[in-house]
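To start, the structure itself, in C-alpha cells.
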Amino acid sequence: MKSIAVLGSTGSIGTQTLEVVRGQRDLKVAALAAGSNVSLLEAQAREFRPALVAVWDEARARELQIALGDTQTRAVSGMGGLCEAAQLSGVETVVTAIVGMIGIRPTLSAIEAGKDIALANKETLVTAGHLVMGKAREKGVRILPVDSEHSAIFQCLQGQEYAGRGVAGGDGHSMQDGCGRDICSELAHAGSGCADAKAKQQGGSAPLTRIILTASGGPFRGRKREGLRDVTVADALKHPNWSMGRKITVDSATMVNKGLEVMEARWLFGVDFDRIQVVVHPQSVIHSMVEFADGAVLAQLGAPDMKLPIQYALTYPGRRPMAGERLDFAGIGSLTFEEPDMGTFGGLALAYEAGRMGGTMPTVYNAANEWAVAGFLRGELPFLGIEETIRAAMCAHRAAANPDLDAILNAERETYEFLVASHSPTGR
Ligand code: NAD
Ligand code: MG
C-alpha cells in the first residue's frame, strides 16, 4: 500500500489524482490540502479518510474540523498546515497540485522529509528549480513529472542515461547562476552569451540531444496581435483540447504555459535551453518527444487525459491498466506541426530570456505572470497586458545569481510591489 498526500486536492489535477486513486487498490490518501473549497474538501475527507486535511484559511479550517468531528481526520491551516501535510509520517509520495509559487515551501518540506514528489506545480520548479533538484539529489528522492509534456519525455527516456537522470538521480551539475546583466538591452536580442557558456557546461557525452516540447497553440493559434487586443476572459478560457484550472488555461492562451514548461524541462532533464525546442502541434496527440545523438526521435502519444501522467507518476516504474479513450489513428487522419509564433505570443520568447538569464529572473517572469493573469481574470487587465506586464517587470529587475529561498521570495515580493506601484494612478 502506497500512502500519498495531495496538495491542491480540490483543483483540476487534485480531483483527477483522486480519480486515479479510486482505480488503484494499493494507493491510500493520508493527507489532503486545498485553498478554500471546504465543502469539496469535506466530501473528499469523508470518502478517503485521511489523517490530516489542510485549509489555507484558519477560520475555514476550524469550520472543517467541526464538520469532521465524527471522523479521525485532523484539520490544520496556513503554510504550517500545508507543510505538515507535505511531511506527514508514513506518506511516500506527495502530489504537488497547488497552483502558483505558494507551492515552493511545501515542496521543499516534503523533499526534506524524504518524500518522492509527483510534481504538477510547475511554478515551483521554474522559480526554485536549483533548490528543488539540489535537495532532491541530497535526499535521494524522486521528482516524478505530472505535467503531460514532461511525463512524455520521462517515459521516452526510460532505460536511457541523460544529464538530469535522478528525476531520477542527476549528475550534480547545476547552472542556476544568472548572468546578473542588465536585461533591458538583452531582452531585445534573442540569445545571450550566457546560454553559450552554460551549453559548454552541459558536457557532450549524454545521448539526449534535443527535447521537443509540443504545444497545442491554445485557443488563439493563428491570430496576430491585432486579433488578441479585445479577447475576453471567456475566450481565453476556451482551451481546444484540455480541461484545466483557470490560471493554466490562460497561460496556455498566452503560451506562457509553454515558456514555464521550457524552464521546467531544463531543471527536470538537465538540458540546456538551446536544446529545448517548442513545436506547435494542434491535435495534442504527441505529448512531447526526445531526440538522441544518433538522430532517433522517440515520442509518447495518447488521448489528452491528465490521468495517465498522474497515474504513471504514482505507479512508476510500473504501468497499470487505465480505462479511457484510445487513439484512433485512421480517425485522426493527420498530425501537423508548426513553428510557434513568438512575435505574437511574446510570453514564450520572454521565458527563454528569463531562463537563460537565470538566478531570480525566472521568479520575476513567473510572479509578474501570476499577478497579471489574476488581473486579467478579474477583468482589470487586457489580454496583451499580461505579456506587457511580464516584460516591464523583467526590464525593471536586476537578476541576482544563485538565489536562496529568501532571495526568491523577496524577488517575488519586489515584483508585486513594482507592479502595484506602476499600475496605480500615481505610478509611472
Ligand atoms: P486549479 O486552480 O484547478 O487547482 C489549484 C488547487 O490549488 C486547488 O485545489 C486550490 O484549492 C489549491 N490552492 C490554491 N491556493 C492554495 C493555498 N493557498 N493553499 C492550499 N491550496 C491552495 O489548478 P490546476 O489546473 O489543478 O493546476 C495545479 C498545478 O498543476 C498548476 O501549477 C498547473 O500549472 C499544474 N498543471 C496543471 C495541469 C492541468 O491539466 N490542470 C497540467 C499540467 C500542470
Ligand atoms: Mg503541460
One residue is enough: does the stretch 27-45 have a residue meeting the conditions more than 9 Å from ligand 1 (Cβ to nearest atom), of a type in the set (G, A, S) and open to solvent by 20 Å² or more (accessible area, probe 1.4 Å)? yes
Of the candidates A128, A136, A120, the one satisfying the condition of being more than 12 Å from ligand 2 (Cβ to nearest atom), out of contact with any Leu (no Cβ under 8 Å at 6 or more places or on another chain) and in the same structural domain as V20 (by TED's automatic domain parsing) is A136
Quick one: is G129 open to solvent by 10 Å² or more (accessible area, probe 1.4 Å) and modelled with pLDDT of 70 or more? no
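Of everything in the stretch 107-117, what is under 24 Å from G259 (Cβ atoms) and either open to solvent by less than 20 Å² (accessible area, probe 1.4 Å) or within 16 Å of ligand 2 (Cβ to nearest atom) (or both)? Give them in sequence order.
Within the stretch 107-117, the subset under 24 Å from G259 (Cβ atoms) is 107-108, 117.
Those that are under 24 Å from G259 (Cβ atoms) and either open to solvent by less than 20 Å² (accessible area, probe 1.4 Å) or within 16 Å of ligand 2 (Cβ to nearest atom) (or both): T107, I117.
Of all the helices (runs of 4 or more DSSP H) wholly in the stretch 314-427, which have at least 1 residues that are aromatic (F, W, Y) and open to solvent by less than 30 Å² (accessible area, probe 1.4 Å)? Full working, then the answer.
Details: elements: 329-332, 346-357, 361-377, 383-396, 405-423.
Ranges flagged: 346-357, 361-377, 383-396.
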Which listed residue is within 13 Å of ligand 1 (Cβ to nearest atom), touching a helix residue (DSSP H, G or I) at 6+ places or on another chain (Cβ under 7 Å), open to solvent by 60 Å² or more (accessible area, probe 1.4 Å) and touching a residue at least 60 places away in the same chain (Cβ under 8 Å), from V6, V99: V99
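I'd like to know if the stretch 85-96 contains one or more residues that are within 28 Å of A136 (Cβ to Cβ), within 16 Å of ligand 2 (Cβ to nearest atom) and within 25 Å of the chain's Cα centre (by Cα). First the steps, then the outcome.
Start the filter on the stretch 85-96 by keeping residues that are within 28 Å of A136 (Cβ to Cβ), which leaves 85-96.
Right, trim to within 16 Å of ligand 2 (Cβ to nearest atom) and you get 95-96.
Still in the running and within 25 Å of the chain's Cα centre (by Cα): 95-96.
Checked the stretch 85-96: at least one residue is within 28 Å of A136 (Cβ to Cβ), within 16 Å of ligand 2 (Cβ to nearest atom) and within 25 Å of the chain's Cα centre (by Cα).
Rundown of residues vs (1) open to solvent by 30 Å² or more (accessible area, probe 1.4 Å); (2) within 23 Å of V373 (Cβ to Cβ), yes/no style:
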| position | (1), (2) |
| --- | --- |
| R221 | yes, yes |
| N241 | yes, yes |
| M244 | yes, yes |
| V250 | no, yes |
| T254 | no, yes |
| K258 | no, yes |
| V278 | no, yes |
| S288 | no, no |
Scan the stretch 29-46 and report the pairs whose first residue is at pLDDT below 95 and whose second residue is part of a strand (DSSP E or B), with Cβ atoms within less than 8 Å and a gap of 6+ or a chain change. S36/V55
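The values are calculated or read from the model by the stated rules, or taken from the named source; none is laboratory data. For clarity, every value in this text was computed on a predicted model and none was experimentally measured. Glycine also receives a Cβ, built like all others from the backbone with ideal geometry; neighbour counts cover every protein chain displayed. What goes into the accessible areas is simple: the full protein's heavy atoms, side chains included, and nothing from ligands, DNA or RNA. Shrake-Rupley method; radii C 1.70, N 1.55, O 1.52, S 1.80 Å.
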